[in-house]
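To start, the structure under review is shown below, and the notes come after it.
Just so it is clear, none of the values below were taken in a lab; they were calculated from the coordinates. The shown structure was predicted, so the numbers you read here are calculated from the model rather than taken from an experiment. No Cβ is skipped: glycine too gets one built from the backbone with ideal geometry, and neighbour counts run over all protein chains shown.
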């Protein structure tokens, strides 16, 4: 079993038209911290959604673009601050 049981609710998701759908699709197997702690590009979020679908998440095709827009707006690279923009020294 690779899914993390949602033992604690995690950080609340920001308000928006897709908040409830993202929460419904993503918190079946893990808490919201798994989302809120990520800061990925739209393509990385898309890849992540595909991965989660392969593990059983239900993401309707009609909602996919809106979910990606919500995730990228709220948890994109710009929201990560210096921690995602900084490279390790020596790279």
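Between residue 20 and residue 61, the simple spin-label model (points 7 angstrom out along Cα→Cβ) gives 2.4 nm. Between residue 69 and residue 11, the simple spin-label model (points 7 angstrom out along Cα→Cβ) gives 2.3 nm.
Each listed q (0.21, 0.32 Å⁻¹) maps to a log10 I(q)/I(0) for segment 29-78 from the Debye sum over equal C-alpha point scatterers, namely -0.73, -1.36.
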